[in-house]
1. Please determine, in degrees from 0 to 90 and to the nearest 10, the orientation of helix 174-186 with respect to the longest principal axis defined by the Cα atoms of the chain, where the helix direction is its Cα long axis.
2. Considering the alpha-carbon set of the stretch 352-428 alone, what are its Rg and its Dmax in angstrom?
3. Using alpha-carbon pairs under 8 Å, 6+ residues apart, how would you state the relative contact order of the chain in percent?
4. Restrict the search to the stretch 291-346; then list the GluC sites (Glu not before Pro) that DSSP places in a loop and that have at most 14 other Cβ atoms within 10 Å of their Cβ.
5. When only alpha-carbon atoms count, how far does the stretch 501-561 stretch along each of its three principal axes, as whole angstroms with the largest first?
6. How large is ³J(HN,Hα) for each residue in the stretch 411-423, as worked out from phi by the Karplus curve 6.51 cos²θ - 1.76 cosθ + 1.60 (θ = phi - 60°), to whole Hz, x for Gly and Pro?
7. Please enumerate, by chain and number, the lysines with C-alpha under 28 Å from the C-alpha of Lys178, excluding those fewer than 8 residues away in the same chain.
8. Please tell me the relative contact order of the stretch 416-490 in percent, rounded to the nearest whole number, where contacts are Cα pairs under 8 Å and at least six residues apart.
Amino acid sequence: MTDRIEVAATELRPLLEEFILWARANAPDSDPELVGPAALWHRLAFSPDLGTWKRADLRNLLLERMPKVVDDPDAAADGMLPAVDAYLTFLAQTGRLTTGSDSIDDLRAELDDVEDQFVEVMEDLIDDLEGDEDDEEEVGDLGDLEPFADALAGLPTIRLRPDSELAAAAREVPLVAKARDLALWVGSGRRMGDDTLLSDAEIEEALTAVGLPRPDTTGPLAESVPQLWNIWNLAVDLEFLEPGEGNTVAVQDDTSEWPFDDDEDVLDAWMLGLHSVDYGDPEPSDDDLAMALAGLTRNLLVRLLLGGGSRELPELREELAEAVADNDELGGDAWEAAGDPLASVLDWLTGYGMVELDGDTLRLTALGTEGVVHLVDDSDIEIDARPAIESMSAHDLLVLSAELPEEEADAELAAWMRLREPVKAAEELLEAAAEDEADALIRVQAASVVGTLGAEAVPAWQAALKEPSLRPYAATHLSQLEVEGAPQPTQDDTYWLILDMWTISAGLGRAEFVGSLRDIDPEMLNELLEVIWKIPHAHVEELLDRISQVHPDKQVAKAARRALFKARSAQA
């Protein structure tokens, strides 16, 4: 569907751009921006012909399709119908409304007919969104990390361990092994019970399979084995178990292969189960008391991270008891009702490989630190976490450097370079730059760093001549180093470098992009546009399109449109 949307949007763009210009003079009170989604979904769902509009299609578009895709129902309620009216009028007046369409009068009549219903649907959407916001405001259990946002943002840089080390630790996680064993016991198609997932006899077998003791109870076993059900849920999270046909559940084919050989597969699986930390929350029999303790495990984890990765357990226990009491009026009662509220928390986190207890000192493991950072990131909270310098790949380094202030980026680069011989560093950086031909920023960064290595980078530059995206940089630097037999930079190489610079400035925003264009004399820029469209750069069409839209000089904008047409024609 994404490809269809992109194709349709590309097809519509010239027509919508012309409509926007038309609307300024002919429908100044309408909002042309609101037409885009309606025109796009009309093209996708109702008519491959941009100029064919029917009353029935118009009604279905506005009442059935738009409520599912509209971004701002408030703006749509106020302005979408007038905008669509203006767009249909534009089509009719410019001869774009095809003979197979209903008349413009009939289409306008349909807009009048659906107006009240359309506004009502949009208002319902607004109410739903406001209700969702209210619900979100009401949710504020102990697992909400937002109150810690400022403290987390103020932490010094957290260094994450290499994937190989984390994967090795994940392979040893007891709870994942138990989830695997339970899934293998379930087998290829076990039928679930109507009242409980498993019968008492099956529960006893399952307990044996995962190494849990049978509880001493005279009542139904299903009500006395919360740890088993947590492991069951973890097996589902890890995708070891999946629902089958009818009322059945089955083991996934590759479950028996855990622990997997590939480090990435191991970490992907462990991350799937990361949100199982919530299973560590204590569960008193009273639901209200259980809710007062919801999120306790996450709260403990973030306090450990803020404590530099370790805390003394007696102090942490007292702090958490106070937090529970402050968060909920039933918090104090819930803490007492749970007996030892941290028992289940520590049991689960230890079993998932995230913490270790040494006497009274509770510490995050390397796997635990990785997990908490992911939980914080999932909450959209800023935190400075980076791979350990010694485990950072060249690509990781370049990506990180692009996001850091210049001084910090220089420090990271210097620390990374100290761990490598210059020849090896140059090779790794240029190989990273060649990974994605579309990533101009990474390419420019790599070339800039390697350029500081002087003659020691010559072998890497010579190898880079074979990469089309790096050849312009390699030829330029080899020429500057006066390397015998090195090719001289060509005019096309220069054009490629210009396109890379434009790509980077375009990524910084409209003002930066326009500023970079204004640095070039309009006459020279026109001459450049006459030839630069031929360069097989990943962003050439996008850049030409953008120049045609934003350059203040009409002659330059016109030259960019001509160049864009030539570039697209060459690709056809």
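1. 90 degrees
2. Final numbers for Rg and Dmax: 16.0, 49 Å.
3. 10 percent
4. Glu329
5. Here the Cα extents, ordered largest to smallest, are 26, 25, 17 Å.
6. Calculated HN-Hα couplings, in order: 5, 5, 4, 5, 5, 5, 5, 5, 8, 9, 5, x, 4 Hz.
7. Straight-line reach from Lys178, under 28 Å: no lysines qualify.
8. Details: 73 pairs, mean separation 20.0, N = 75.
It rounds to 27 percent for the stretch 416-490.
The values are calculated or read from the model by the stated rules, or taken from the named source; none is laboratory data. No experiment lies behind these values; they were computed from the predicted model shown. Here the Cβ is made from the backbone with ideal geometry for all residues, glycine too, and neighbour counts use every protein chain on show. The protein model used for the area step is the full one, side chains on, heavy atoms only, and it has no ligands, DNA or RNA in it. Shrake-Rupley method; radii C 1.70, N 1.55, O 1.52, S 1.80 Å.
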